[in-house]
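No value in this document is a laboratory result; all are computed from the given coordinates. What you see is a predicted model; the values in this text were computed from it and never measured. Neighbour counts are summed over all protein chains in view; Cβ atoms, including those assigned to glycine, are modelled from backbone coordinates with ideal geometry.
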Amino acid sequence: MIDDNDVATLNNMDCEERYDYSISQVAVEREIWILVNSHQEFLKLFVEDGEFEYLPVWPNASLALSYAAQDGELKPKCIALPEFQKKWIPGLCRDGLDIGVFPGKDQTVWLLEPEEFQRDLTEQLSNF
């Protein structure tokens, strides 16, 4: 678990720095975090122009929780990395959802297709 100072520091990084941090941490911890509501439905966000939606993901519960602070109904949910790779990536592809890695409080997010995320993650995992 990271402390409040770490959360603030990480939230203040730019979009690319948050992405690099996230890929690294997901590879180390072997888990990824999403937000779900009380019905266990996962949060999907829309790009401002409304042309597509994406699944926001975070490298740990503290960062997901800080994003959801204004919405008391959302709670962080951990997904083991093997499950995310085997079930979620194909499902996101099938549903046409992109992945938004570590959305910032400044409304910036690193968006990519699930296959692209999988490639970056596989490359990062090969470093271990």
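Normalised by the number of residues in the chain, the mean separation of alpha-carbon contacts (under 8 Å, six or more apart) gives a relative contact order of 29 percent. Placing +1 on the Cβ of every Lys and Arg and -1 on the Cβ of every Asp and Glu, with nothing else charged, gives segment 21-128 a dipole about its Cα centre of roughly 500 debye. The share of C-alpha pairs in segment 33-88 whose separation exceeds 17 Å stands at 40 percent. A simple rule links phi to the HN-Hα coupling: the Karplus curve 6.51 cos²θ - 1.76 cosθ + 1.60 with θ = phi - 60°, which for segment 89-99 gives 4, x, x, 5, 4, 4, 8, x, 9, 8, 10 Hz, with x for Gly and Pro.
Relative to the compact-globule estimate of 2.2 N^0.38 Å, the Cα radius of gyration of segment 1-55 comes out at 1.37. The Cβ shell under 14 Å around Cys15 holds other residues with a net charge of -3, Lys and Arg each +1, Asp and Glu each -1.
Among Asp14, Asp49, Asp71, the largest mean-square fluctuation in a Gaussian network model of the chain (Cα springs under 10 Å) belongs to Asp49.
If you take all other residues with their beta carbon under 10 Å from the beta carbon of Leu97, and give Lys and Arg +1 and Asp and Glu -1, the sum is -2.
A full extension of the chain between Asp6 and Leu65 corresponds to an added length of 19.9 nm, given 0.36 nm per residue minus the alpha carbon distance.
Highest mean first, what order results for 119-128, 79-88 on Cβ atoms within 10 Å?
Values: 119-128: 12.7, 79-88: 15.4.
Put in order of decreasing packing, that is 79-88, 119-128.
A dipole drawn for the chain from +1 and -1 charges on Cβ atoms has a positive end, and of Gly104, Tyr54, Phe42 the residue lying farthest that way is Phe42.
Tally Lys/Arg at +1 and Asp/Glu at -1 over every other residue whose Cβ is under 11 Å from the Cβ of Leu43; what's the total?
Numbers: positive: Lys44, Lys75, Lys77; negative: Glu41, Glu53, Asp71, Glu73.
Around Leu43, the surrounding residues sum to -1.
Could you tell me the calculated FRET efficiency between Ala80 and Phe52, based on Cβ-Cβ distance and R0 = 25 angstrom, to the nearest 0.05? After rounding to 0.05, the efficiency reads 0.40.
Shown here: segment 4-125, whose C-alpha atoms stretch 34, 30, 28 Å along the first, second and third principal axes, sorted largest to smallest. Summary of the geometry: segment 61-92 and segment 1-38, compared by the centres of their Cα atoms, lie 11 Å apart.
So what is the 222 nm mean residue ellipticity for the chain from helices alone, if each DSSP H run of at least 4 adds -39500 (n - 2.57) and you divide by all residues, rounding to the nearest 500 deg cm²/dmol? Before the final figure, lay out the partial values.
On the way: 5 runs with 49 residues, N = 128.
Result for the chain, helices only: -11000 deg cm²/dmol.
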